[in-house]
Structures are given as C-alpha cells and as structure tokens.
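The values are calculated or read from the model by the stated rules, or taken from the named source; none is laboratory data. This is a predicted model, so every value here is computed, not measured. Here the Cβ positions follow ideal geometry from the backbone for every residue, glycine too, while neighbour counts run over all protein chains shown.
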Amino acid sequence: MQNPSAQTGMSGMSGTAAGAPASRRIIPIASAHSGAASAGGCSSSSCGSGEGPADMPAHIWEKVKDHPCYSSEAHHHFARMHVAVAPACNIQCNYCNRKYDCANESRPGVVSEKLTPEMAGKKVLAVAAEIPQLSVVGIAGPGDALANPAKTFKTFELIQQSAPDIKLCLSTNGLALPDHVETIKKFNVDHVTITINMVDPEVGQHIYPWIFHNHKRYHGLEAARILHERQMLGLEMLTAAGILVKVNSVLIPGINDHHLKEVNKVVKAKGAFLHNIMPLISDPAHGTHFGLTGQRGPTAAELKALQDECEGDMKLMRHCRQCRADAVGMLGEDRSQEFTSDKLDAIAATYDPTARQAYRDFVEKERADQRAAEAEKKAGLAGASEKALVAVATKGGGRINQHFGHASEFQVYEVSAAGAKFVGHRKVEHYCAGGYEEEEAMPSILDALQDCAAVLVAKIGHCPMKELQAAGIEPVQDYAHEYIEASALAWFQQRLERRQGATSLVA
Amino acid sequence: MAYKINASACTACGACEQECPNDAIYEKNGLFAIKADGCTECIGHYDDPQCIAACPADCIVVDKSVPRYQA
C-alpha cells in the first residue's frame, strides 16, 4: 500500500503479521450516492456493504457484488490480486519501513518481487487463466499507487486491453489523490481505498514525520495539515464522481484511538462507503519507527470496543485480512508464489475468457440458490431467542468443503433467528502439518474456537474429534459439501430441538 | 555531480528517478544511480534537491569526490 506503510492494506486481506489473529472489521458507513442511499429496501439495521442485493441500492450492489473486499458474500466466490508496480511513496508513516522483501510475512506494504507494468499485465493474465475466481486487480504499493502514477496507470491500461472483465482498484494515502481523480475515472476504477488515520493535524504529526508534496519535503504539523487537506479533498472528489471509497484507519493506542471516532464521523459525512479499522502492527523486527520505540498495538478488546462505538446501528463486514501488496488468491490465502515471473508466459497463454464467463454464470446461480436455502432454514427458526457461534472449514464457494486438518483459518458465523451472519475469521495452525505436529497444534485451535458451539467440516479425524468434544465444541460432518449458511442454521435448529427434547424429558 | 545514492540503503523504489528535473537518475542492476555529469543539485529548478527530498530511505548524500555544481 502505499504509504510506506506497513499497515494500510488495500482492502485488506491476508493474514496478520505476526500471527496474532486480531479481529478486524470493515464498517459500512454510507452509500456513495446520498440521494439513493435508502432506496432498495435498506433499513437502518440491515444496511450494509457485505450482504445481499436486498440490502443496498441496485447500482451499489452491481459495483460490490463481485468484489471480495467490499462484499463479504463475494469473498466466498471471488479472488483478488495485488500487483506490486508502485514501490515509491510520497509520505513517511511511523508504522512503515522501507524494506519490503520478506516472503515470510503477510501484511500491507510487503512484497517479494517488484513488477514492471508489462510484467504485471502478464501476471494478471496468468492468474486470470489459472484462477477463474479472479475478479479484481488492485494496486496497493508497496509504496503508494498514486506516488507512481505513470506505472500505476500504465498497468491499468494494459490490463484493460487484455482482460477487460477485471475490475480495477487502488489504494492510496491520499496526498496525490486530487491530481488523479480524472484519470481514475477514465480507467473506470470504481473502488478506491484511502488510508486516513486522523482528521486533526495535531494528531497527525505523531503519525507522519514527513511528506513530499509540490517538490518540497514538509515536516511535522505542516505536513499533517497538508496531508489532511488533500485527503479530504480527494475523498470529496471521488464521492462526487460516484466512486466507492473505503477508508482504512490504523488504530494506534495513545495516539489516535479516541480520535478515530471523529475520523469515522467525518469520513461518513463526506460520503465514504466503508470504514475498515485495523490494528497497528508494530513488531520491533519489522524495523518501523513505532516498532522500535515500543509503541504497542491495540488489544483485541480495545479494537472491538472502538469498532463497536463506531458501528452505531450499521451492519459490519469483518473479513479484512490485511494482505500483502502482492497477494494473489481468495482472501485468506496467498498463492503469489505460483506466479513468479519465470512462469508467467506459459500460464498466461492459457487465458480463456469463455471459461471465466462460465464461472461467473455458475456463481450467479449458486449464490441465488444459497440465499434461497438460507431463507428457507431461517423461516424454520422464527421465534427462537438463542444465538450461537459456529466455525466453518471452507475452501471457498460458500460451501463446507474443507477437512478439519487442512484448515488454516475457520470462518465464524453467528446463527440465530435472524439468520447466519459472518462475524470473522480465526487463523489457526494446520492440524495436519505433515504427520507429527498434531499434538502441538490442537491446543491453539481449541483456544481459537473456544467461544464456538460447533465446528462444521467436510471431514475430521477421530482424535481431534474427541478433543473438540472434550472442550465442549461439537464437531459436525453431516453437512459436508453443503452450503454454509443453510447448514449452520439447520445444525442450530437441530440443537434447539435436542434441547427442547431434553427439557421435556426432565419435565 | 554533487549527489550520489548510497547503494546499501537504496530500496530501489524509484521515487528519485521520477522527480529528477535533469533525467540524471537511472536504474542499474536493480538499484538506482545518479549520472555525474547530469546532476545540477536542482539549482535553477527547485529550492531543494528533489531526489533528496523525495527519497523515503534517506540514502542520497553529497558526493565529495567531485566538485559542487556551479550554476
């Protein structure tokens, strides 16, 4: 991403840096077109970015429905990739350093291989050929997309020529944004992420030591003031142009923690579509200013408290994975190693737009079918007052289709009479790590799932099944390869019935 | 030439290259370098040398092996 930042993920995706499974949410805050904001059956409690077509105006749904970062439903079916064509940055953030060459960590601002626009165009074709789910290509750094305008827009041009069905998006710190809104429109980019960590330069001076603007380096308060003004102007210009804006904010305890409520209010008023509050990553090993000064990141509880305060009566999207600037694949996975430059030509040659369209058609039907199945199960639960959390092992496609031992994360759903709602993901170590580390992985898996009543899997071995049962988590294989939401609700209904049976026996 | 790039600190981001008013910065073996006879220290162009102001790694320094540029 752009800022030299180690944190401002594009839309965020893949795993957390140091393995801390801190939860994070994307909070939908407004519709891009204020006039149409409440059309389309959007009630105050269900309006959201991530949900179905009934939850937002049709023209917004059309924009977000296949974007894995803007729609939590889409993130089951569609994949994204970042192309690392933008290494330069025009500001310094205290949570970022300029080294971006570690293949072993997953966080914004980090890539393994810089690409030229030509290589990026080829890589996109190769990934599109290999991964039919690919719907979005973003430029998120490792510097700032708009601090490298020539490379960024050349890349967009090449992708648009060779694979016009792919959506383009970018992420920026906002400093150069007002200069490029016209070009962004020209390339039909309809999603832009701006990292906004403050709306008050007094706060900003503790986050940004300097910026480079108009051929001059500015420091301190003046730098923060200019950055703030440019971010606000850019946000307003994008909103006026009908481009969906996601605002990412890095939560830095003691610096902008209370202030982010004000940021939320301001960006919402200016028309941002989503707000994604992410925890500071400040591992000293990353060599960032904050890492070296011992600035801590937020605890999960602090993050959640702030998110809860900002969410108001709005629904949440919680599937951001804070991904790398060269991530490839479904959210939560990174297949970038399969697409290093030496392999691109051969793979790109197999690009077939018909197969990609066939996949989209299939997904369209599958999603309608899944929604109908969920609605049917939900109707059976009317009146139930309980809630439960259910963990699911899935490889994507909206189905329970992964073996317990192969899961590197579990998706967590809250089931109730209101339906099955995606509430987050839990990163775990593989249970099956090659044969003999199982014993070690299990305690951390149990810990990650401790608040879940059940775990729905395609299959599970005897030993982990016993351990889950002993920990009070019900392992369920009955819904292997079935739809996630409908299955979670069916399981929940059975549980309620079993309980009722038990109660009536006692009575 | 008056400036040079400290190769061990350069992250090869190219921020300097796109700012140089003299096109005196070029990529060499994956890193960037300044052409001695092209650099004017930005005198006559800007108040500050652009490569130094733009460099996120702060790795551009005065090259003492050559005389300072005289406008």
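Considering (1) surrounded by fewer than 24 Cβ atoms within 10 Å (Cβ to Cβ); (2) out of contact with any helix residue (DSSP H, G or I) (no Cβ under 8 Å at 6 or more places or on another chain); (3) modelled with pLDDT under 95, say which one A:C169 fails and leave the rest.
Result: A:C169 passes all but (1).
Are any residues in the stretch A:211-230 touching a helix residue (DSSP H, G or I) at 6+ places or on another chain (Cβ under 7 Å) and either touching a residue at least 12 places away in the same chain (Cβ under 8 Å) or among the hydroxyl-bearing types (S, T, Y) (or both), and if so, which ones?
Answer for the stretch A:211-230, where residues must be touching a helix residue (DSSP H, G or I) at 6+ places or on another chain (Cβ under 7 Å) and either touching a residue at least 12 places away in the same chain (Cβ under 8 Å) or among the hydroxyl-bearing types (S, T, Y) (or both): A:I211, A:F212, A:H213, A:Y218, A:L221, A:A224, A:R225, A:L227, A:H228, A:R230.
In the stretch B:4-50, what count of residues is obtained for those that are basic (K, R) and in contact with a strand residue (DSSP E or B) (Cβ under 9 Å, 6 or more places away or on another chain)?
So the count comes out to 2.
Within the stretch A:289-298, can one find any residue that is in contact (Cβ under 8 Å) with a residue 24 or more places away in the chain, within 22 Å of the chain's Cα centre (by Cα) and over 15 Å from A:I196 (Cβ atoms)?
Yes: one or more hits.
Would you confirm, using the coordinates I've provided, whether B:Y46 is in a loop (DSSP other than H, G, I, E, B), of a type outside the set (D, E, K, R) and within 14 Å of chain A (Cβ to nearest Cβ)?
Criteria met by B:Y46.
In the stretch A:291-303, is there at least one residue being at pLDDT below 80, within 25 Å of A:H425 (Cα to Cα) and not assigned by TED's automatic domain parsing to the domain that holds A:A448?
yes
Under 7 Å between Cβ atoms, which residue pairs at least 6 apart in sequence (or on different chains) link something in the stretch A:459-477 that is closer than 17 Å to A:R495 by Cβ and assigned to a loop (DSSP other than H, G, I, E, B) with a partner that is at pLDDT below 95 and β-branched (V, I, T)?
That search, which allows pairs on different chains as well, returns A:Q477/A:I460.
Can you tell me which residues in the stretch A:402-419 are surrounded by fewer than 24 Cβ atoms within 10 Å (Cβ to Cβ), within 16 Å of A:L331 (Cα to Cα) and of a type in the set (A, V, I, L, M, F, W, C)?
Correct list: A:V412 only.
Hey, could you check the stretch B:6-43 for residues that are part of a strand (DSSP E or B) and charged (D, E, K, R) and say which is farthest from the other protein chains (Cβ to nearest Cβ)?
Only one residue tops the list, namely B:K28.
Tell me, which residue of the stretch A:430-454 that is small (G, A, S) and not in a loop (DSSP other than H, G, I, E, B) is modelled with the lowest pLDDT?
Residue satisfying both the conditions and the ranking: A:A441.
Enumerate the pairs (first residue in the stretch A:372-386 and within 11 Å of A:Q493 (Cα to Cα) and touching a residue at least 24 places away in the same chain (Cβ under 8 Å); second residue anywhere and among the small types (G, A, S) and part of a helix (DSSP H, G or I)) with beta-carbon separation below 9 Å, excluding pairs fewer than 6 apart on the same chain, so at least 6 apart or on different chains.
Listed by first residue and then by second, the contacts come to A:K377/A:A486; A:K377/A:S487; A:K377/A:A488; A:K377/A:A490; A:K378/A:A486; A:G380/A:A490.
Which condition does A:A120 not pass, out of (1) modelled with pLDDT under 90; (2) closer than 26 Å to A:V363 by Cβ; (3) among the small types (G, A, S), if it passes all the others?
Failing condition for A:A120: (1).
Restricting to the stretch B:49-71, count the residues that are within 14 Å of chain A (Cβ to nearest Cβ) and among the hydrophobic types (A, V, I, L, M, F, W, C).
So the count comes out to 8.
Sort through A:V457, A:V415, A:V423 and tell me the only one that's at pLDDT below 85 and either in the same structural domain as A:A368 (by TED's automatic domain parsing) or small (G, A, S) (or both).
Among A:V457, A:V415, A:V423, only A:V423 is at pLDDT below 85 and either in the same structural domain as A:A368 (by TED's automatic domain parsing) or small (G, A, S) (or both).
Condition first: charged (D, E, K, R) and at pLDDT 80 or above. Can you find one or more residues in the stretch A:315-326 that meet it?
Within the stretch A:315-326 (the criterion being charged (D, E, K, R) and at pLDDT 80 or above), the answer is no, since none of the residues qualifies.
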